[in-house]
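Shown next, in structure tokens, is the structure this report addresses.
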Amino acid sequence: MHGSCHADGTGDGRPAWQRAWQHIYDQIKAGHHLDADHHFRSFAPTQRTWLRLQRTHYDDLHPDQQQLLAGIGLTHEAARTRPVSPYAETALAHARTYTAAHHTLAAAYSTVHNAFPLGRWLNELLQR
């Protein structure tokens, strides 16, 4: 049946979920890193969207699907981890360099470190 188009338009007879997983599996097997902590930014938009959807609905997936996802590194624990946004990465980098320079992370609300509003960011974290 290779090369023929099936009723669902897939061309290979596999369900869409399996095709999407296989594509990502092949990328990871070839050395692509599953960057779950960073919203899967290194993947193309279609794969990124699919991976985010699997993470969001992980508990609703069939155990076999969860096992396949675990095989590519998207485990139950990884699905529960809150991704780090680019802004948070920047903020954390500033917090580290500020701490290294001042030996503390105690900063006033008005503290700006290398043009980054570090004090405001820290205050917002404490307010959550």
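Worth a mention:
- Net lengthening on full extension, Thr75/Arg120 (0.36 nm per residue, minus Cα-Cα): 12.8 nm
- Listed values (1) 11, 31, 23, 19, 10, 5, 1; (2) 14, 46, 32, 7, 0; (3) 12, 32, 26, 17, 9, 3, 0, entry calculated as P(r) over Cα pairs in 10 Å bins from 0, in percent: (1)
- Estimated 222 nm signal from helices in the chain, with DSSP H stretches of n ≥ 4 weighted -39500 (n - 2.57), rounded to 500: -16000 deg cm²/dmol
- Electrostatic bookkeeping for Arg80 treats Lys and Arg as +1 and Asp and Glu as -1; over the other residues with beta carbon under 13 Å from its beta carbon, the sum is -1.
- Near Leu122: Cβ cut-off under 13 Å, other residues only, Lys/Arg at +1 and Asp/Glu at -1. The net charge is +2.
- Accessible area of the chain belonging to carbon and sulfur atoms, whole % at 1.4 Å probe: 56 percent
- Ligands, DNA and RNA are left out, and with a 1.4 angstrom probe the accessible area of the chain is 65 Å² per residue.
The values are calculated or read from the model by the stated rules, or taken from the named source; none is laboratory data. Source: prediction; values computed, not measured. With ideal geometry, Cβ positions are generated from the backbone for all residues, glycine too; neighbour counts draw on all protein chains shown. What goes into the accessible areas is simple: the full protein's heavy atoms, side chains included, and nothing from ligands, DNA or RNA. Shrake-Rupley method; radii C 1.70, N 1.55, O 1.52, S 1.80 Å.
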